[in-house]
Each structure stands twice: as C-alpha cells, then as structure tokens.
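Just below is one structure, and these are the notes that go with it.
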Amino acid sequence: MTEQSTSTGGRIRGSGRRRKRPSTARRVWTVVAWAAAALVLVGGSGLGLLWFKLNGNLQGIDINQALGTDRPKNIDNGSMDILVLGSDSRSGANSEYGADEGAARSDTAMVVHVYQGRKTASVVSIPRDTLVERPKCTSRDGTAVAGAQRAMFNTAYEVGGPACAVKTVEAMAGIRMDHFIEVDFTGFKKLIDELGGVDITTSQPINDTKSHLNLPPGTHTLDGEEALGLVRTRKSVGDGSDLGRIQLQQAFMKAFINQVKDVGVFSSPKKLLNLADAGTKAITPDSELDSVNELMGFAKGLSSLGAEDVDMITMPVKYDPNDPNRVIPVEAGADQVWLALKRDRPIPASAVEDSAGDKGDAASVVGSD
C-alpha cells in the first residue's frame, strides 16, 4: 500500500440497539458471498489451471445488455471492481435451510476493488438492510420496476435480479462494476469440504445455540457445515450485533484465502479438479466471465493476492433514528470510501471513524491458524 494508510476494517460494533434476528437461511447464506470474494481474490492459486474442463458448470448473466448505457463512466485506470452477491433463495438443494418464500434477496453484498497492478485489494461490505435510494430498473422478465426511497438494499435483487442490484450499487457508489459474481451456499459448503476444511483459531469459546456451533478456544479445522455455522454466529460473540457478525465473517474470509493459497498446483491434481468443479458450480458470473478462458485470464491477474494484501471494511453506516433495525449510510464516510476506490487509492481510516460498522471486538475472536 502507499503511505496513505488504509482502514483496518477490523473494528465493527453495533450501537447497543439490537436489530431483528434474520432467518436461519439468511444467516447461513452470508458466508457464501464472503467465499465468492475470496474465490475472486485467490482464483489464480491453481484452480484456474483446471477450469478448462468445467465450461459446462458456468451460466453467465449479461449485465451490460441489461443495463445499457445508463451507467457510470468506465474509468480505465488499471483497477477492477467486482460486485459479489449472495441471495437467500432456498429452492432446490438449498431447501434444507428453510422453505422458499418467493423471490430471493441479496442478503450479502460486497464490492471487491482490486488496485492497479493487482497486488492489493479492498473489500467493502454493504449491510443488507441499509436504507438506500433504489433506482428504477428492469426485472428479469423485462418488466419496468419503479425506483424507491428508503428501500432496503437487498430488495434491489428481489425486485429486479442481478442487473438491478448492480445498478443500485453503481448509483450509490458512482463506480461502474466491471464484473458480477453470485454464489450458491450449498455449492460453497461442498467447496469447503473439497478443500479439506478451513483452519481457524479461536481466542475464546464460541457456543451459539442459534448457529449450533460449539468451539472451545484453540485451533479448529471447520468443515462446510461448521463454516456456515461460524458465520451465522452473532449473539455469543462480541456485542451480539449484526454488524459485529460481519466482522466475524471478514476474519473467516481471510482464513479461507490463506487456506486456498496453500493448495499446491501439482501436489494433488484430483483435489484441484474437485475444487474447481465445486467452485464453478457454486458461482453465477456475468457474461464476460462465463467461460474457462475468461475465468483463467481473470484469475491469473489475481494470483499474487494473499489475505495480508486485502483491506476489509463495512460501508460507513449508522442506525436509522426512525428504525433501529435498519441502518443508513454515513454520507461523509461513504463518500470518502467510494471516492478513494474511484481514484484507485487506499481507503483512508477517517472514512470509518463515525461508522457503527467500525466499532467492535468480534474480529479478535477468530483468526487464521
């Protein structure tokens, strides 16, 4: 990084007011989008070498055609911005996590900004219940969807699918998304199991009856189901807030990145093939990443990134004075975040000083082994 320091992204606390507990499916889902971002950042670690066999797993979404020209200018400064989404759809294999209640919502969203040179990156998590101005967009079936004031961020995906979610982020950030990736949480669970689990260390006991996770202090290798349980954990870690749980998820993501980076390219070709198969089945990319050649080129440019090269923050937010179960952007801080990324600069620490998402001690509970 440059001398202009980045935010640590490490201190996330709530304000003491508790938001409503999300559904089990939504708590489980959150890890999926974190894993997608991790896959984005470590795609060149060897998985790309085997993806030539896996074209059949990839079904792309043409975001560019759906949005047309009504988008921010594409600034060609060598950086890259990827919107990673996780939806709470519970159809098909995902039904074990709850009944499908209709249209899915993007319960987890993050902007992954890869800086020029592909040596460092920033990840900005957007809380799903942030109240935003949702622009008018077009639904999956071509129906016009009206814009809305004070709409929850995750309703953009619900009413208009991936293209509407991308348009909402671009309107909020003023930054054009170069790519979009959506991930399936059942597929992610299989990916963790194919990886052989993810190694973490806990500094205190985690015993959460809601997520069914019981870990004493020490070193653990989490399988797919346990990894889902970890990122569902809220009440037994930190101050019990949803924003605190985001911090726990960030710690898991770094452990995941380290784990994938440790997979040797030639040590176990079968393992790598299985990982690639699980990974490509877990994601739905935009149409510019829906072939093996495109994914390989994309991954190759990110192969040098490790967990220590990634700065993670939550978009600056505060609790809505009219509804403590919702958050609203801290405009000054959010503007600093998006301007820094637009200029391909590190996010200044001052951007998150007044954010409810930058206060907490949950990150100290979980670390990489």
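The values are calculated or read from the model by the stated rules, or taken from the named source; none is laboratory data. Note that the structure is predicted; figures quoted are calculated from it, not measured. Note: ideal-geometry Cβ built from the backbone for every residue, glycine included; neighbour counts use all protein chains shown. Surface accessibility is based on the protein's heavy atoms, side chains included, excluding ligands, DNA and RNA. Shrake-Rupley method; radii C 1.70, N 1.55, O 1.52, S 1.80 Å.
Of all residues in segment 189-205, which are on the phi < 0 side of the Ramachandran plot, under 23 Å from the mean Cα position of the chain (by Cα) and of a type outside the set (Lys, Arg)? Selection gives LEU191, ILE192, ASP193, GLU194, LEU195, VAL198, ASP199, ILE200, THR201, THR202. Before we move on, is GLU225 open to solvent by 30 Å² or more (accessible area, probe 1.4 Å), under 20 Å from the mean Cα position of the chain (by Cα) and not aromatic (Phe, Trp, Tyr)? Against the criterion (open to solvent by 30 Å² or more (accessible area, probe 1.4 Å), under 20 Å from the mean Cα position of the chain (by Cα) and not aromatic (Phe, Trp, Tyr)), GLU225 qualifies.
Let's see how each residue does on (1) touching a residue at least 60 places away in the same chain (Cβ under 8 Å); (2) acidic (Asp, Glu); (3) open to solvent by 10 Å² or more (accessible area, probe 1.4 Å); (4) more than 21 Å from ARG326 (Cα to Cα):
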site	(1), (2), (3), (4)
ALA146	no, no, yes, yes
PHE153	no, no, no, no
ALA165	yes, no, no, no
MET172	yes, no, yes, no
ASP178	yes, yes, yes, yes
PHE185	yes, no, no, yes
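For ASN207, the conditions (1) under 28 Å from ILE347 (Cα atoms); (2) at pLDDT 80 or above; (3) open to solvent by 10 Å² or more (accessible area, probe 1.4 Å) are fulfilled apart from (1). Evaluated against (1) open to solvent by less than 50 Å² (accessible area, probe 1.4 Å); (2) closer than 23 Å to ARG176 by Cβ; (3) not hydroxyl-bearing (Ser, Thr, Tyr), ARG343 falls short on exactly one condition, (1). When the residues of segment 67-94 are filtered to those that are at pLDDT 90 or above and within 21 Å of the chain's Cα centre (by Cα), the one that is farthest from ALA282 (Cα to Cα) is SER79. Within segment 129-143, being open to solvent by less than 70 Å² (accessible area, probe 1.4 Å) and in a strand (DSSP E or B) holds for THR130, LEU131, VAL132, ARG134, CYS137, THR138. Against the list (1) surrounded by 20 or more Cβ atoms within 10 Å (Cβ to Cβ); (2) out of contact with any Asp or Glu (no Cβ under 8 Å at 6 or more places or on another chain), the condition ILE200 fails is (2).
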